[in-house]
Amino acid sequence: MPSFEEFARDRLRGVRWVALLAIWMFAAKGQDLTPEKVLPLARIRLHMQEKIEHLPNYTCLETLTRFHKQAGNGRMRKLQPLDTVRLEIANTRGSEWFGSPGARKLTEADPARFVGAGLIANGLFSILLRNLFVADAARFTFQGQDLIGGRASLRYDFQIPRLLAKYHLWLPAGQGTAGQEGTFWVDRDSLDLIRLDVRATEIPESLQLAGSGYSVRYERTRIGESDALLAQQADLRMTLADGTDDYDRVDFTHCRSFEVESAIRFDGESAGSGEALPEVARPVFPPEAESSVPALLMVTVQLATAITDQDAVGQLIEGRIAGDVRRKGKVVIEDGARVHGRIRRLDRYAGGGRFIVGLEFDEVDAHGVPMRFYADLLKTENRKGIHPTLRELVLAPPGYGQNIVEQKVVLPELAGVASFFVEGKKFVVPAGFRMVWRTRGLLRGAP
């Protein structure tokens, strides 16, 4: 009996589903807002435009955990794990480039080249934000105030008609464009975008698509010497008219800055005439960024400072290596070496009885040289009230058409991320708290 993964791949072989978001600029449109609501929206748009225009050149590790449900098969009435895809994604000059994790140059603008079947998307970085806050294509409606993750927020609904949205969909039945509608939330004080929910509208009947949508959560992330507002996590869902259903959880980790190399491209015919195609930016990482800790090493990290419920997501943190890390008798990382990271998650559960804390470590100073820290958490120190979670049970967003029910799915832990529950209405994870990791290593070269 073939496994689900074998069945799904056979069923989808040769078929590529891709949802692509495009950026387009349009003339201003009037908004259905009263005068007292226009000023906050104008401030939000100016704030977000500034954040977008000052984004540094950066790259992140994109991890897609994908689930699939085939239509008309009793064995697969629920979403089943399909695969996990990891890509390096870079944002430069408003464009996105993709490559294998650890590749020195990222040259692909189409992420679908790395996966022959299943649901995948681009545009979850600045392209999506530009489409909403820079292009004057959307109509906004103020919906009041909400509490998102313990943060007071302002909520707006929006609509972008099909002719302006240019939301591109590639499906087995063909390709086409759709409109967009949804909701976004911004922090009431900082005006930073917190969350963005989008649904496809005006879907062409020829696509045989019951529905498509996605939700993106944003957080401030330290990139070089500045704080950037970046996508941290996204959920994508697409349901065909026949009931075939796909769900992706997308996480962005290991974000860092990089250099840009420009190149002038010529095709075979125009090269002889000297006619150049447009200049294309290629992300290039400095030599020291190519180094990563070798795979399959046991590494113990101690927190250098305490983590408390009063800290903020995105706050930088440090750890220390406990004991020399050796490979073939040679010290790869010395005892006491600094490990750099940030608070990735700090969620207060309903009732305030416990928190889920996520700590992301992405770099270690080994003998004074920065190396990428790419590892799996094995265990944490036994402390009263602290319970590690190596896998997370989450509620996938509802599907479309007849697949309207939400469903719980299990997600694996992310590389370099330690997640654990902490009991109590307040908490302290003390300095010296130990975490044991096993390094993975990164792929090199072209896929």
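Bear in mind these aren't lab numbers, they're just calculated from the coordinates by the rules spelled out. It should be emphasised that the depicted structure is a prediction, and the values quoted were computed from it without experimental measurement. Cβ atoms come from the backbone with ideal geometry, glycine included; neighbour counts cover every protein chain shown.
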- Task: Determine the gain in length on full extension of the stretch GLN310-PHE421; use 0.36 nm per residue of separation and subtract their C-alpha separation, reporting nm with one decimal.
- Result: 38.4 nm
- Taking R0 as 22 Å and r as the Cβ-Cβ distance between HIS387 and LEU296, the FRET efficiency 1/(1 + (r/R0)^6), rounded to the nearest 0.05, comes to 0.25
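For the pair LYS105 and LYS78, what calculated FRET efficiency results from E = 1/(1 + (r/R0)^6), where r is the Cβ-Cβ distance and R0 = 41 Å, to the nearest 0.05?
About 0.50, to the nearest 0.05.
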- Query: If you take the beta carbon distance between GLN143 and ARG326 as r and set R0 to 60 Å, what does 1/(1 + (r/R0)^6) give as a FRET efficiency, to the nearest 0.05?
  - Reply: 0.55
- Find how much the distance from GLU50 to ARG438 grows on full extension, using 0.36 nm per residue of separation minus their present alpha carbon separation; answer in nm with one decimal. 135.7 nm
- Message: Quick check: pseudo-label points 7 Å beyond the Cα along Cα→Cβ at SER190 and ARG348, how many nm apart are they?
- Response: 1.6 nm
